[in-house]
1. Quick one: Kirkwood hydrodynamic radius for the stretch 101-242, alpha-carbon pairs, angstrom, one decimal?
2. What does the stretch 171-254 give for Rg and for Dmax, in Å, if only its C-alpha atoms count?
3. In whole Å, how far is the Cα centre of the stretch 80-129 from that of the stretch 197-254?
4. Based solely on its DSSP helices, what 222 nm [θ] is calculated for the chain when runs of n ≥ 4 H residues each add -39,500 (n - 2.57) and the sum is averaged over all residues, nearest 500 deg cm²/dmol?
5. Report, to the nearest 10°, how far helix 151-175 tilts away from the longest principal axis of the Cα atoms in the chain, using its own Cα long axis and a range of 0 to 90°.
6. Would you mind telling me which residue in Ala154, Ala225, Ala179 has the biggest mean-square fluctuation in a Gaussian network model of the chain, where springs connect alpha carbons within a distance under 10 angstrom?
7. What residue among Leu208, Leu192, Leu64 has the largest mean-square fluctuation in a Gaussian network model of the chain, using Cα springs under 10 Å?
8. Springs between alpha-carbon pairs under 10 angstrom, Gaussian network model over the chain: which of Glu60, Glu93, Glu11 fluctuates most?
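Every read-out reported here was derived from the displayed coordinates using simple, explicitly stated rules and does not represent laboratory data. Everything numeric in this text was worked out from a predicted model, so none of it was measured.
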Amino acid sequence: MRAYLAFTKKEILEYTRNYKLFVLIILFAILGIMSPLTAKFMPDIIGNFMPEGITIEIQEPTNLDSWMQFFKNGTQTGLIIVVILFSGMMSKEYEKGTLVNMVTKGLPRKTIILSKFTVAVVLWSLSYWLCFLITWAYTGYYFPDGKMLNLGLAVSSLYFFGIVLISVLLLGSVIFKNAYGPLLFVGGFILLLFLVGLFPDAAEWNPLQLASRNMEMLQGTTAFADLARSFLLSGVGILLPLLLSMRVLDKKAL
């Protein structure tokens, strides 16, 4: 436990010194502000760019439009930011050879995996839930009369899917010694999930549902029971890459 805490502290200090911690928080704070503002002012923006003589009827924005922007930003921008910032979590160690001295001095290799996973999840949690709180506050301010269903389920689903990607990214980072390999590894994983979604019998198990059906959850057309199998398989998608990462690192030359 002492080795785990020491290595975890070292990881946190490293993310602080290279400013990745602050970059992550700032970018997600911006995404949290942009979601309700985009929903609020989008009709005005579209109207200003329309040619003279052409009018388009645009419905008055609601709180659902704000949350639609939140999930759009979360999946299209937020998760991409996380994957890019964490893609070098092992490549820097390989490049500098810092793990060699630590391992020869008795640091268990599984501790390296657990610490890196812990820190990545903590940073993802801080940035994601900060983004959520900002969006929630601004949405309540701009759309005070809005109502929705299953908000907790919708935001938790996307959060959980983010942890799946972190676990898969860590496995890719252990396998490949550069920062590009993990990105391609995660890209291949996402492509695989899209292909699985083409088969109706397998779609209900697809973890990708957690990041693609959030608006359905808010509208009450999708409940937890509809996603239970996706959550179950996502749990496997977190644990299995972690175990494989430990096994691969045990056999890998540092």
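1. Working: mean 1/r = 0.0591 Å⁻¹.
Taking every pair of different Cα atoms in the stretch 101-242, averaging 1/r and inverting gives 16.9 Å.
2. That works out to 15.6, 51 Å for Rg and Dmax.
3. 22
4. Working: 13 runs with 195 residues, N = 254.
For the chain, the value works out to -25000 deg cm²/dmol.
5. Roughly 30 degrees between the two axes.
6. Ranking Ala154, Ala225, Ala179 by mean-square fluctuation puts Ala225 first.
7. Leu192
8. The residue that fluctuates most here is Glu60.
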